[in-house]
Amino acid sequence: MAAPTFSSSVPVARRVSGFTYAIRNIVAEARKVEAAGRQVRYLNIGDPIPFGFATPAHLVEAVVRAMRDNANGYTPSPGIPAAREAVARDFTDRGVPTSPDRVVLTSGTSEGIELTLGALVNEGDEVLVPTPTYPLYTAVLAKIGARAVFYRTDPSHGWLPDLDHLRSLIGPATRAIVAIDPNNPTGAVYPNATRLALLELSERHGVPLLADEVYGDLAYDGPVPPIASLNPDALVISYSSLSKAYLAPGWRAGWLAVGRNERLDEVLAAIRKLADGRLCSPGPMQHAITAAITGDRSHQVAFRAALRERAALTTSRFNAIAGMRCVAPAAAFYAMPQVTLPPGRTDEDYVLGLLRATGVLCVYGSGFGTRPADGFFRVVFLAAPDELAAIYDDIAAFTRDFLAR
Ligand SMILES: Cc1ncc(COP(=O)(O)O)c(C=O)c1O
């Protein structure tokens, strides 16, 4: 009997339509530009490896050794004890007394975020997320059917959170506050006064603070202490990974640490329950977490210096372009310049125009939650300074034309 034929395609779940991730979505546009014969310079993804930064050799050794020793099986779902102990000791050394049983190893910061939101948030609940934001938060919340409620961070105050705005958004449906400090996409590092205010809000409303600290070791003035070091009893869950400060993003090796306050015990149990379902994060890479945290970190000194130089170049070049402003980043490898758009134009018009005219790929600010008419876009400044200088010449020339039209 002939199989029945259907004319329409197999339907997909509705929730997928709310799941957008501009940093990667925009690559489809870049591919079209490449297909038309123009070389594309990718300033869209925060990955140091394609720009010549190398994973420290002792981390590679740790993974290779683990594989050779046949540590290739599933690990316990929260991760191998040695790495969890190393993470717990590191938090303790940085002022947050932590026991290994409150640490879970994850497939990058990303999985830590996803496990936690899965453990904390019901359909219809709200989570306070900064704008601009790292887009995974919005995407995961869309998948759950929960609502990202955006609190402003303010470029005229160094991209610090607008605390009054944040306060005004907390309500009965609020389940968590997300803080990204140091920040992607803005490069901001929050002063203690801001951090204390965030902790105080979390405490007053009994709502956990989800502290994305993946750039904590990449502030140009040196590592930033975890926010929970200001109050180890606060309702903080902290996230980080080997992706950025240890130059191994493809390994998907990360961790989360749940604060010692017993009011977080059930959340920890729920995270661990969900973690059981995905068996474990990549096993050999867990051995690199131990090596990274207990071993030599001198690569970070060189990396921070390289980033500081590129940040200064980026800020000075963007601020020299008529119609453009850029707040100086204090950490990581991102800047969020703003172009004063002509009426009716959007950040996406500007970024796609730039891509088509010059081959330079940035991400429009609305991909991070800013308003399209506000003209923000994110630049990843990991390329070598001379290459960046040439790229910024092209951006300056394009912007002149774009604004003159
Ligand atoms: C703020 C922020 N959080 C999380 C992530 C995801 O990192 P990971 O590779 O550890 O999953 C990134 C990656 O760019 C990021 O910028």
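The values are calculated or read from the model by the stated rules, or taken from the named source; none is laboratory data. Not measured: the values here are computed from a predicted model. No Cβ is skipped: glycine too gets one built from the backbone with ideal geometry, and neighbour counts run over all protein chains shown. For accessibility, only protein heavy atoms count, side chains too; no ligands or nucleic acids. Shrake-Rupley method; radii C 1.70, N 1.55, O 1.52, S 1.80 Å.
Could you say which residue among ALA330, ALA335, ALA322 is under 22 Å from the mean Cα position of the chain (by Cα), open to solvent by 30 Å² or more (accessible area, probe 1.4 Å) and within 22 Å of ASP154 (Cα to Cα)? First the steps, then the outcome.
Working: ALA335 fails: open to solvent by 30 Å² or more (accessible area, probe 1.4 Å); ALA322 fails: under 22 Å from the mean Cα position of the chain (by Cα).
The conditions single out ALA330.
Taking the residues in region 26-49 that are touching a strand residue (DSSP E or B) at 6+ places or on another chain (Cβ under 9 Å) and not in a loop (DSSP other than H, G, I, E, B) as candidates, determine which candidate is farthest from the ligand (Cβ to nearest atom). Show your work before the answer.
Step one: of region 26-49, the residues touching a strand residue (DSSP E or B) at 6+ places or on another chain (Cβ under 9 Å) are 26-27, 29-30, 33, 40-47.
Those left that are additionally not in a loop (DSSP other than H, G, I, E, B): 27, 29-30, 33, 41-42.
Values: VAL27: 15, GLU29: 20, ALA30: 18, VAL33: 23, ARG41: 19, TYR42: 14 Å.
Of everything passing the filter in region 26-49, VAL33 is farthest from the ligand (Cβ to nearest atom).
Tell me which of these VAL16 doesn't satisfy, since it passes every other one: (1) under 30 Å from ASN261 (Cα atoms); (2) part of a helix (DSSP H, G or I).
Here VAL16 meets the rest and fails (1).
Quick check on my filter: what residues within region 283-303 are buried (at least 19 other Cβ atoms within 10 Å of the Cβ) and over 20 Å from VAL63 (Cα atoms)?
PHE303
Here are some conditions: (1) open to solvent by 80 Å² or more (accessible area, probe 1.4 Å); (2) within 16 Å of the ligand (Cβ to nearest atom); (3) at pLDDT 95 or above. MET67 meets all but one. Which one does it not meet?
(2)
Mind listing whichever residues of region 148-191 are free of Cβ contacts under 8 Å to residues at least 12 places away in the same chain and charged (D, E, K, R)? Steps first, please.
Within region 148-191, the subset free of Cβ contacts under 8 Å to residues at least 12 places away in the same chain is 154, 156-157, 162, 164, 168, 172.
If the condition is that a residue be free of Cβ contacts under 8 Å to residues at least 12 places away in the same chain and charged (D, E, K, R), then ASP154, ASP162, ASP164 are the ones that fit.
Can you name the residue in region 103-118 that is at negative phi and among the small types (Gly, Ala, Ser) and is also nearest to the ligand (Cβ to nearest atom) among such residues?
Let us first name the residues in region 103-118 that are at negative phi, namely 103-107, 109-118.
Narrowing the set further to residues that are among the small types (Gly, Ala, Ser) leaves 107, 110, 112, 118.
On the way: SER107: 7, SER110: 3, GLY112: 8, GLY118: 15 Å.
That would be SER110.
Condition (residue is touching a residue at least 60 places away in the same chain (Cβ under 8 Å), under 16 Å from ILE293 (Cβ atoms) and in contact with a His (Cβ under 9 Å, 6 or more places away or on another chain)) applied to region 90-100: is it met by at least one residue?
no
Looking at VAL178, VAL189, VAL214, VAL224, can you tell me which residue is crowded, with 22+ Cβ neighbours inside 10 Å and closer than 27 Å to HIS287 by Cβ?
Working: VAL178 fails: closer than 27 Å to HIS287 by Cβ; VAL189 fails: closer than 27 Å to HIS287 by Cβ; VAL224 fails: crowded, with 22+ Cβ neighbours inside 10 Å.
Among VAL178, VAL189, VAL214, VAL224, only VAL214 is crowded, with 22+ Cβ neighbours inside 10 Å and closer than 27 Å to HIS287 by Cβ.
Give region 359-381 a look and list any residue that's part of a strand (DSSP E or B) and among the aliphatic types (A, V, I, L, M), or say none. Steps first, answer last, please.
Just the residues of region 359-381 that are part of a strand (DSSP E or B), to begin with: 360-361, 363-364, 376-380.
The answer is VAL360, LEU361, VAL363, VAL379, VAL380.
Looking at region 65-82, can you tell me whether even one residue there is assigned to a helix (DSSP H, G or I), free of Cβ contacts under 8 Å to residues at least 12 places away in the same chain and under 26 Å from LEU256 (Cα atoms)?
So the first thing to find is which residues in region 65-82 are assigned to a helix (DSSP H, G or I), and the list is 65-68, 81-82.
Applying the additional criterion that residues be free of Cβ contacts under 8 Å to residues at least 12 places away in the same chain yields 68.
Filter once more, so that each one left must be under 26 Å from LEU256 (Cα atoms): none.
Within region 65-82 (the criterion being assigned to a helix (DSSP H, G or I), free of Cβ contacts under 8 Å to residues at least 12 places away in the same chain and under 26 Å from LEU256 (Cα atoms)), the answer is no, since none of the residues qualifies.
Pick from ARG400, ARG356, ARG345: which is open to solvent by 10 Å² or more (accessible area, probe 1.4 Å), among the charged types (D, E, K, R) and in a loop (DSSP other than H, G, I, E, B)? Give the steps one after another, and end with the answer.
Numbers: ARG400 fails: in a loop (DSSP other than H, G, I, E, B); ARG356 fails: in a loop (DSSP other than H, G, I, E, B).
Only one candidate passes the filter, namely ARG345.
Conditions first: (1) open to solvent by less than 10 Å² (accessible area, probe 1.4 Å); (2) closer than 24 Å to SER366 by Cα; (3) away from the ligand (no atom under 13 Å from the Cβ). LEU201 passes all but one, so which condition is the exception?
The number of the failed condition is (2).
Show me the strands (runs of 3 or more DSSP E) found entirely inside region 191-259 where at least 2 residues are of a type outside the set (Gly, Ala, Ser) and under 25 Å from ALA62 (Cβ atoms).
By residue number, 254-258.
Could you say which residue among VAL127, VAL149, VAL140 is within 13 Å of the ligand (Cβ to nearest atom) and of a type in the set (A, V, I, L, M, F, W, C)? Let's see the steps before the verdict.
Details: VAL127 fails: within 13 Å of the ligand (Cβ to nearest atom); VAL149 fails: within 13 Å of the ligand (Cβ to nearest atom).
None of the other options fit; the residue is VAL140.
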